[in-house]
Amino acid sequence: MQKEKNNYTIGIDIGGTKMSAILFDGSKILADYTLATPQDTVDHVVIMIGALIDPLFERAKEDKIKIKGIGIAVAGIVDFKNQIIAKNSPNLEILNKIKLAELIEKRRGVPTIMDNDANCFARAESVLGAGKKYSNIYGLTIGTGIGGGWFVNNRIYYGSHGGANEPGRFIMNGEEKVDLEIMYQKLTQHNLFKLAQKAYRADALAEKAFDDIGELLGIFFANVVNLIDPEIFIIGGGGLEACDLFLPKTKKIMKNYIMNPESKKKIKIEKAKLGEHAGAIGAALLVA
């Protein structure tokens, strides 16, 4: 039987320096495209997104495929209900308070929806990646910063007011009111990749920093387990390549602080499987 061509979507992942887009059929990527992210004006961003996805629409036209919709993954706090970037779009402040999906929908004439990039990562890995065998998954992106998404019972949990899934703001030092993101940035000096290079060259200070990162994340994961008890954590983002430098310590520390013996025994931490296009896949799944 020939597969019906009515579930094709486009997923866009907007980062601080580059943005990528994919043509997606619900299970695999048919085409992808990447351009630099403009930093000057919203109009320029919209124009460049158009240039990014126009080749994908042309490919769909050639293959006689109907595009059902467009999904957008973007860093920052996204008011999912009202489809607006509420605040804190890192490295791209011009998008704050902007209804980006609405602008793209007007330009292309197809339904468009937007979500936080870490939520999109968690959605993709839960549906098609390392978490597809589970129903309660916590996804964590580690790279320039830390992002997270909780995928439970086949959907992202947004909370009562849309404010869930901000792990970077989790207070890790109550006395000094220091959050996870601040402690992480202090340890990495805002450059995880440079630190990893030093650690792989047996730099003692870099190795100690990763040991501390492992302990920090272990405590954070234990707190998440004690609060929501997921089946699995999935780690992704640019820091995935440095995972082996901190993950063994994370697993050890986490189990020291988990209260429920059954949770301690069964909880898993796995690496993401979908690679650099996970965010765009998760965005595409918004309209799949």
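The values are calculated or read from the model by the stated rules, or taken from the named source; none is laboratory data. Model, not experiment: these values are computed from the prediction. Cβ placement follows ideal geometry from the backbone for every residue including glycine, while neighbour counts extend to all protein chains displayed.
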statement: LYS186 fails exactly one of (1) of a type outside the set (A, V, I, L, M); (2) under 21 Å from VAL74 (Cβ atoms); (3) not in a loop (DSSP other than H, G, I, E, B), namely (2)
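Residues are listed down the side, and each one gets a yes or a no for (1) in contact with a strand residue (DSSP E or B) (Cβ under 7 Å, 6 or more places away or on another chain); (2) modelled with pLDDT of 95 or more; (3) not in a helix (DSSP H, G or I):
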{"position": "ILE104", "(1), (2), (3)": "yes, yes, no"}
{"position": "ARG107", "(1), (2), (3)": "no, no, no"}
{"position": "ILE113", "(1), (2), (3)": "yes, yes, yes"}
{"position": "VAL127", "(1), (2), (3)": "no, yes, no"}
{"position": "ALA130", "(1), (2), (3)": "yes, yes, yes"}
{"position": "ILE137", "(1), (2), (3)": "yes, yes, yes"}
- prompt: Out of the residues in segment 218-234 that are part of a helix (DSSP H, G or I) and touching a residue at least 40 places away in the same chain (Cβ under 8 Å), which is farthest from ASN119 (Cα to Cα)?
  reply: ILE219
message: Looking at segment 259-269, can you tell me whether even one residue there is under 30 Å from SER20 (Cβ atoms) and either more than 19 Å from the chain's Cα centre (by Cα) or surrounded by fewer than 21 Cβ atoms within 10 Å (Cβ to Cβ) (or both)?
response: yes
- line: Those residues of segment 28-69 which are among the β-branched types (Val, Ile, Thr) and either part of a loop (DSSP other than H, G, I, E, B) or within 23 Å of ILE98 (Cα to Cα) (or both) amount to THR34, THR37, THR41, VAL42, VAL45, VAL46, ILE47, ILE49, ILE53, ILE65
field: Residue, nearest to LYS271 (Cα to Cα), within segment 139-163, restricted to residues that are modelled with pLDDT under 90 and surrounded by 16 or more Cβ atoms within 10 Å (Cβ to Cβ)
entry: GLY143
query: Is there a residue in segment 204-217 that is outside any helix (DSSP H, G or I) and modelled with pLDDT of 95 or more?
result: no
task: Would you confirm whether any residue within segment 177-197 is touching a residue at least 12 places away in the same chain (Cβ under 8 Å), touching a strand residue (DSSP E or B) at 6+ places or on another chain (Cβ under 7 Å) and of a type in the set (Phe, Trp, Tyr)?
output: yes
- line: Among residues of segment 237-267 being at pLDDT 95 or above and not in a helix (DSSP H, G or I), the residue nearest to ARG201 (Cα to Cα) is PHE246
